[in-house]
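Bear in mind these aren't lab numbers, they're just calculated from the coordinates by the rules spelled out. Since the structure is predicted, the reported quantities are computational estimates derived from the model, not experimental observations. Here the Cβ positions follow ideal geometry from the backbone for every residue, glycine too, while neighbour counts run over all protein chains shown.
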Amino acid sequence: MVNISNNNGMSKPVGTLNEKGSAQDLQNQAANKNQPSTQASNNARSADRVELSSQVRSLKQLEESVKNLPEVDSEKVASIKAAIESGDYQIDYDRLASAISKFESDL
């Protein structure tokens, strides 16, 4: 949950982060949701701030960590490719059929 606080210490929730949203999206939502219309409100708004919960900060750190991971295990791919090329790769057809059947039943 993200709260937006003004200079009087008052805060109110402005939204939550979903699977597809990011912390930046939530900050933008909070900023757009609290747009004052008068000059006095504009001055007060400069003292407003957005605070992210520790959970949102943790999600943001996790998101950054995942971005740095390779999408493919290159070593495993190279090992399997070499085994196929040398003729040493053995396929367990019963195991393969079982895995395909399980995959389809999970759909």
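Quick rundown of the values:
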{"read-out": "Contour excess over end-to-end distance, with Cα ends at ILE100 and ILE84 and 0.36 nm allotted per residue", "value": "3.7 nm"}
{"read-out": "Summed side-chain charge close to SER98 - residues other than SER98 whose Cβ falls under 13 Å, Lys, Arg +1, Asp, Glu -1", "value": "-2"}
